[in-house]
Amino acid sequence: PNLRELGLCTVVIESRHLDSILARSPVLETLCLQGNMLMDRLTINSRSIRCVYVVATSDLDITVEEAPQLQRLIVWVASTCKGGSPRKTIKIGRVQALGLIGYLEPEFHTLQPSAKPSPFTMLPTVKILGLKVRFGVRNEAKMLPCFLRCFPKVERLHIESKETIESSSKINLKFWKESGTIASICSSVNLIIFHNFRGDQCELCFLKFILESAQMLTKLVVVYRKGTFASLAEARSKVDPLFDVSWASKCCSLRLVQSALAEGEGLKILNFKRGSNFSLSDPLAFTGRC
């Protein structure tokens, strides 16, 4: 009954057994699950838990029924997971204190009862949001505005661009403009960190859309992996098209950063210790700078 921190790594445990453990842990504050392959769902119903950290395969439904103290929900889908299977559900119930959630992936996740904003999916308490997106896949790109509309008060947005082997169709600036207005982008987002920038047209069109809409944005950090470009001059030339559009914010700066981390290696930094460290206001804010 005095357990405050629980970490289960590659432990053979079923969902019902974890339910029993959580029900008998009235002061548990942090929960870490990593590589628990037998679990098909995670249900959180706790009045004490503050941080849930899940590193797993994509086949895990997550339901937060009632967790008034929950401040962080960190989900990291393993880089070895393959798409193609039905998306798993992340359902958030009574969470008055939830300020951070990430990383949601349209490839693997959907919000209950749908990805469209509704009284059941709107989470105005969330100020920090992390997303991983394959911008070259049209169906996933179409889901991104829906996800963003579910978090209308987000201030810090972390986006990782996932590699697209084959683009399904051309995704241009018109595509993003036709998606409509996004409240958080227009009126609350002040920092965006864009990871794994490759200079692809689909990435640039999304960033142009953001810059044309984000009135409160003060800093856009574009992070590219070491080896992506032959030189700093080439990297700078790849972001030059962003200056071809009119920025909604007149006090926004663009920062270009080279990272030593390969795609999917952010987990080396965003580990359980960092994720549950409440002295860090934003544990997602790292670039792996060389």
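Throughout, read-outs are computed from the coordinates displayed, never taken from laboratory work. The structure presented is a predicted model; accordingly, all values stated were derived computationally and were not measured. Note: ideal-geometry Cβ built from the backbone for every residue, glycine included; neighbour counts use all protein chains shown.
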*Could you size up the charge dipole of region 118-290 around its Cα centre, putting +1 on the beta carbon of Lys and Arg and -1 on that of Asp and Glu, and report it in debye to the nearest 20?*
280
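Counting Lys and Arg as +1 and Asp and Glu as -1, each charge on the Cβ, what is the dipole of region 1-72 about the Cα centre in debye, to the nearest 20?
Values: 7 positive and 9 negative charges, 57 e Å.
Here region 1-72 has a charge dipole of around 280 debye.
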*Using a Gaussian network model of the chain with C-alpha springs under 10 Å, which one of Pro152, Pro106, Pro124 is most mobile by mean-square fluctuation?*
Pro124
*Estimated distance in nm for a label pair at Leu173 and Ala97, the labels positioned 7 Å out from Cα along Cα-to-Cβ*: 4.5
*Taking H placed 1.01 Å from N in the peptide plane, check which residues at least 5 places from Thr218 or on another chain put their amide H under 5 Å from its amide H.*
Leu191
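Would you calculate a helix-derived [θ] at 222 nm for the chain, using -39,500 (n - 2.57) for each DSSP H run of n ≥ 4 and dividing by the full residue count, to the nearest 500? Display every interim value, and only then the final one.
Values: 7 runs with 56 residues, N = 290.
Dividing the helical sum by the residues of the chain leaves -5000 deg cm²/dmol.
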_Given the options Asn196, Phe272, Leu261, identify the residue whose Cα lies farthest towards the positive end of the charge dipole of region 118-290 (+1 on Cβ of Lys, Arg; -1 on Cβ of Asp, Glu)._
Phe272
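Applying a 10 Å radius around every beta-carbon, put 200-208, 233-241 in order of their mean neighbour count, most first. Working shown, then result.
Numbers: 200-208: 21.2, 233-241: 13.4.
So the peptides 200-208, 233-241, ranked by packing, come out 200-208, 233-241.
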*Sequence-distant residues sharing a close amide H with Ser179 (under 5 Å, placed H)*: none
*May I have the extent of the alpha carbons of region 134-228 along their three principal axes, as whole Å values ordered from largest to smallest?*
33, 29, 20
_Added length on full extension, which subtracts the Cα-Cα distance from 0.36 nm per residue, Leu232 to Thr43_ = 63.4 nm
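Placing +1 at every Lys and Arg Cβ and -1 at every Asp and Glu Cβ, with all other atoms neutral, what dipole size does the chain have around its Cα centre, in debye to the nearest 20? Write down the numbers at each step before the final one.
On the way: 38 positive and 26 negative charges, 95 e Å.
The dipole of the chain has a size of about 460 debye.
Viscosity 1.306 mPa s, temperature 10 °C: Stokes-Einstein D of the chain from its Kirkwood Cα radius, in µm² per second?
Working: Rh = 19.6 Å.
Rounded, D is 81 µm²/s.
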*Which residue fluctuates the most in the chain, going by a Gaussian network model with Cα springs under 10 Å, if the choices are Ser161, Ser279, Ser46?*
Ser279
